[in-house]
1. Compute a Gaussian network model of the chain, connecting alpha carbons closer than 10 Å, and tell me which residue from SER55, SER15, SER27 fluctuates the most.
2. If you average 1/r across every pair of different Cα atoms in the chain and take the reciprocal, what Kirkwood value do you get, in Å?
3. Considering only ILE40, ILE48, ILE16, give the residue with the highest GNM mean-square fluctuation for the chain, with springs between Cα atoms whenever their separation is below 10 Å.
4. Of the options PRO38, SER2, VAL67, report the single residue whose Cα projects farthest towards the positive end of the charge dipole of the chain (beta-carbon charges: Lys, Arg +1; Asp, Glu -1).
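Here, each number is a calculation from the coordinates, and none is a lab measurement. Please read all numbers here as calculations on a predicted model, not as lab measurements. Ideal geometry is used to build each Cβ from the backbone, glycine not excepted, and the neighbour counts take in all protein chains shown.
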Amino acid sequence: MSVDDQVAVANWLRSIGQDRLYLLAESMGGLASLQAAPLIGAKAWAGIYPVCNLSSVSRFASEIAGVWGPTP
């Protein structure tokens, strides 16, 4: 879910009366949620390990290739 998507969901939640928003993110979703948190005005943020980005998973290239095949 992108930052824009998270902001849109937060706006919708507020439109139906939900104003205490908390973010729970996992893996790469953690990066977008950290960027969205100040835009949303979240009361709290929690990230579940591993909060990662593309460069942090490069060490798993052989495992990924084993599942999905080599990159073109």
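1. The residue with the greatest mean-square fluctuation here is SER55.
2. Details: mean 1/r = 0.0727 Å⁻¹.
After inverting the pairwise mean of 1/r, the radius is 13.7 Å.
3. Per the Cα network of the chain with a 10 Å cutoff, ILE16 tops the list.
4. Farthest towards the positive end: PRO38.
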